[in-house]
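First comes the structure, then the notes that go with it.
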Amino acid sequence: PGRARRLLLSQLFQPLNLQAGGEAGWDGRAGEPTCRSQKLMLQAGLIHPSSPGCYYYMPPTVRAMEKLVKAMDEEMQAVGGQKLNMPSLSSAELWRASGRWDQMGPELFRLADRHGKDYCLGPTHEEAVTELVAAQSNLSYRQLPLRLYQVTRKFRDEPKPRFGLLRSREFYMKDMYTFDASEEAARQTYDLVCGAYCSLFDRLGLPFVKVQAATGSIGGTVSHEFQLPADVGEDRLVLCPAGHFAANVETLNEEQTSCPMCRAKLTQTKGIEVGHTFYLGTKYSSISNAIFSSPENKPQLAEMGCYGLGITRILAASIEVLSTEDSIRWPSLIAPYQLCFIPPKRGSKEEEEGAALLERLYDDLAEALPQLASDSVLDDRTQLTIGKRLKDANKLGYPYVVVAGKRVCEDPPVFEVWSQNTGEVLFLTKEGVIELLSKVQVP
């Protein structure tokens, strides 16, 4: 209640290292490859290295993650998703039953409890969710489809973690598992969830491609990856220039160089995988006996699908593909903060009047657009010039920066508004600023 507390940049826990090429504190031993998103996230104080492949996510990064999860929740719930949470510790018995305890090899983090029982830290949860559904002994076809999902930390013992959050050993993921009464219904669910993924990436403004993919250790018969084309991507993709066909190279035979639909020559690119979908059939439901009673009251195995989105990977990959070499650009929907206010420099002739007018604008904006109240930062480092702070704001990628510059003492006061994603600079009165920012979307 009352006035929104102004968020001051000097009080944010975001240790900036924004000097051009400030290499201090980069993780990555000499000669190791780093990539744009890793460098930018370390410089901007968004992540801090802990041990190989593990990071502290700093408060602005957690804000971006929470916004991304909120947008995902909207898309998942629009297709009937119900959110739950499953244990990270998974018993070895479950994994032995599916054959993946041995199949996954050294990628599984394994541990034993004090009683000598074996567990793994879940890299994925097919076994666990199927066991959960199988435990519901009186499941009826009327309760299907079941679309259960979670957002949780996952663990993978990467032999060579690298590129910051793009290939780490501990990461956040959204994984959905679906249970349907027939193959036809399961394939409808598959198309529905793929559509929700496309909708999410469109909302984020990311240049994604959906490609045919191999099913790998998850299994099943149909699989697609959602890829962001990027030079540091570890997947090789082939694309039809007319958009008729796209696939991960690992699914093709060597001879295939033209589009199977229009015969055009396929082009090659690299991609960062940010989502993966699988139609599983009864691979897991048959192991755990996840059954439901049919309309004829006969027990029948559920047809399954699983669907993953890498949350921390989407953050890093979007910075990778949208940013310049030295300035972060966020998908505006999930930028940690939408707005940065820059008051006049200490000792300038606009100092007193300009600072008061800018603070009043901050408060009026919070009142007129309450959704932006907690999305605004005031850069109170007034010992620095406006130009220096503007440069920092540009590097940190706030979608909008409002400056109390030379024209702030005019009547009526005029503010400089930098729209980072379009590169425009507008000169607006207080009413103009509020009108411009009323169009900003926050999940």
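The values are calculated or read from the model by the stated rules, or taken from the named source; none is laboratory data. Nothing here was measured: the structure is a model prediction, and the numbers come from that model. Because the Cβ atoms are built from the backbone with ideal geometry, glycine has one as well, and the counts that use them run over all protein chains shown. Remember, those area values only see protein heavy atoms, side chains included, never the ligands or the DNA or RNA. Shrake-Rupley method; radii C 1.70, N 1.55, O 1.52, S 1.80 Å.
Taking H as built 1.01 Å from N, whose amide H comes closer than 5 Å to the amide H of LYS83, not counting residues under 5 places away?
Correct list: TYR149.
Kindly give Rg over Rh for region 337-438, based on alpha-carbon atoms, with the Kirkwood expression for the hydrodynamic radius.
0.92
Determine the percent antiparallel among the DSSP beta bridges restricted to region 337-438, to the nearest 5.
55 percent
Using a simple spin-label model with points 7 Å from Cα along the Cα→Cβ vector, what separation in nm is obtained for GLN441 and HIS115?
In this crude spin-label approximation the distance works out to 5.0 nm.
Given a 1.4 Å probe and heavy atoms of the protein chains only, how would you sort SER348, SER332, largest accessible area at the top?
SER332, SER348
Could you sort ARG187, ARG263, ARG381 by accessible area so the largest value comes first, with the probe set to 1.4 Å?
So the residues, ranked largest to smallest area, are ARG263, ARG187, ARG381.
With Cβ to Cβ distances under 9 Å as the rule, what net charge do the other residues near ASP235 carry (K, R +1; D, E -1)?
Once all neighbours under 9 Å are counted, the net charge is -2.
What's the extension gain from GLU353 to ASN253 if we count 0.36 nm per residue and subtract their Cα-Cα distance?
29.0 nm
Would you mind pulling out the separation of the Cα centroids of region 288-352 and region 208-240, in Å?
Each part reduced to its Cα centre gives a spacing of 19 Å.
Which aspartates and glutamates, if any, have their Cα less than 12 Å from the Cα of LYS39, not counting same-chain residues under 8 positions apart?
In chain and number order, the partners are GLU23, ASP27, GLU320, GLU325, ASP326.
How far is helix 351-368 tilted off the main Cα axis of the chain, in degrees rounded to 10, range 0 to 90?
40 degrees
So, with +1 on the Cβ of K and R and -1 on the Cβ of D and E, and no other charges, what is the size of the charge dipole of region 337-438 about its Cα centre, to the nearest 20 debye?
That gives a dipole near 600 debye.
Between VAL232, VAL129, THR189, whose Cα lies farthest towards the positive end of the dipole of region 122-238 when Lys and Arg beta carbons carry +1 and Asp and Glu beta carbons carry -1, centred on the Cα centre?
VAL232
Per-residue ellipticity at 222 nm for the chain, helices alone: DSSP H runs ≥ 4 residues times -39500 (n - 2.57), over residue total, nearest 500 deg cm²/dmol?
After summing the helix terms and dividing by residue count, I get -8500 deg cm²/dmol.
Provide the three semi-axes, in whole Å and in decreasing order, of the ellipsoid equivalent to region 65-141 as defined by the square roots of 5 times the Cα gyration tensor eigenvalues.
They are 28, 18, 11 Å, listed from largest to smallest.
Suppose a student asked you for the relative contact order of region 337-438, using Cα pairs under 8 Å spaced at least 6 residues apart; what percent would you report?
Worked out over region 337-438, it gives 31 percent.
Any idea what the dipole of region 215-314 comes to, in debye rounded to 20, about its Cα centre with Lys/Arg Cβ at +1 and Asp/Glu Cβ at -1?
Dipole of region 215-314, to the nearest 20 debye: 140 debye.
Can you sort GLU320, GLU359, GLU352 by 1.4 Å-probe accessible area, starting with the largest?
If we order GLU320, GLU359, GLU352 from most to least accessible, we get GLU352, GLU359, GLU320.
Have a look at the DSSP beta bridges in region 115-250 and tell me what percent are antiparallel, nearest 5.
So the antiparallel bridges in region 115-250 amount to around 95 percent.
Considering only protein heavy atoms and a probe of 1.4 Å, how much of the accessible area of region 337-438 is carbon and sulfur, as a whole percent?
Ligands and nucleic acids excluded, carbon and sulfur give 52 percent.
Can you compute the charge dipole magnitude of the chain about its Cα centre, using +1 on each Lys and Arg Cβ and -1 on each Asp and Glu Cβ, nothing else charged? Give it in debye, rounded to the nearest 20.
That gives a dipole near 540 debye.
Using the beta-carbon distance between ASN17 and ARG263 and R0 = 51 Å, what value does 1/(1 + (r/R0)^6) give for FRET efficiency, to the nearest 0.05?
Computed FRET efficiency for ASN17 and ARG263 comes out at 0.50.
Which ³J(HN,Hα) values in Hz, rounded to whole numbers, follow from the phi angles of region 202-218 under the Karplus curve 6.51 cos²θ - 1.76 cosθ + 1.60, where θ = phi - 60° and Gly and Pro get x?
Karplus values, whole Hz, x for Gly and Pro: 5, 4, 7, x, 9, x, 8, 10, 9, 10, 5, 9, 7, 8, x, 6, 6.
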